[in-house]
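Data block below; observations after.
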Amino acid sequence: MSRLFALLALAALVVGVVVLSGTQRETIATTSVGPAHDPGYSARQASLVQTGADGRPVYTLNAAEIQQQPDTGTVDMQQVRLGFRDASGDQWNARGDRGQLAQNSGIVSLSGNVHVSGVLPGTDQVAEIATGHLAFDTKAQVVATQDPVTIVMSGRQLNAQGLVASLKERHVQLESAVHGSFVP
């Protein structure tokens, strides 16, 4: 009997080992992995330089902070300074509290206390332009705003609603509600 009991115990042990060490079913959790969110780039005290086909700078952007928004295809900027040259090679400088650059469009938008200075087309006088919002199309070299605008040149002030300045064609057009005059 003790032999039979030992044999049964051995058989039970073998069966237990086989059952426990046999193929175990694993539960596989399925997760769907989409494309990773691209947070874009960000920087402080940044400079962006767009060059033309000749390798010369078309414009230079300096900002206290920049943040790429890959989902919208834009770059947001704070405390922005923009430098560019018109078709005659005259230097223009603009600044604003905020800015946005639409990637692959060449359009730089400035907002908040925007000031622009440079030589107005057709004159040899430096002009100061102040407005709340301004867009600069770097490809067409057009500066435009629909906001109220103030132009100060030679100590004289001109106020208007909206402005379009084609730097290539050396032409400035005030849109409406013009107040003031410049007499040579």
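One residue stands out in segment 49-58 among those that are surrounded by fewer than 14 Cβ atoms within 10 Å (Cβ to Cβ) and among the β-branched types (Val, Ile, Thr): the one that is modelled with the lowest pLDDT, namely Thr51.
For segment 61-78, the criterion of a residue being touching a residue at least 40 places away in the same chain (Cβ under 8 Å) and surrounded by 15 or more Cβ atoms within 10 Å (Cβ to Cβ) is satisfied by at least one position. Within segment 103-129, the residues that satisfy the criterion of being over 21 Å from Arg85 (Cβ atoms) and either modelled with pLDDT of 90 or more or in a strand (DSSP E or B) (or both) are Ser111, Gly112, Asn113.
None of Gly118, Gly96, Gly83 is closer than 17 Å to Val149 by Cβ and under 20 Å from the mean Cα position of the chain (by Cα) except Gly96.
Within segment 59-93, restricting attention to residues that are within 30 Å of Arg170 (Cα to Cα) and not in a strand (DSSP E or B), the residue that is modelled with the highest pLDDT is Asp90.
Restricting segment 144-173 to residues that are in contact (Cβ under 8 Å) with a residue 40 or more places away in the chain and in a strand (DSSP E or B), which is surrounded by the fewest Cβ atoms within 10 Å (Cβ to Cβ)? Looking at residues that are in contact (Cβ under 8 Å) with a residue 40 or more places away in the chain and in a strand (DSSP E or B), I get His171.
The sole residue among Gly96, Gly40 that is modelled with pLDDT of 90 or more and surrounded by 14 or more Cβ atoms within 10 Å (Cβ to Cβ) is Gly96.
The values are calculated or read from the model by the stated rules, or taken from the named source; none is laboratory data. Values in this document were obtained by computation on a predicted structure and should not be read as measured data. Neighbour counts run over all protein chains shown; Cβ positions are idealised from the backbone, glycine included.
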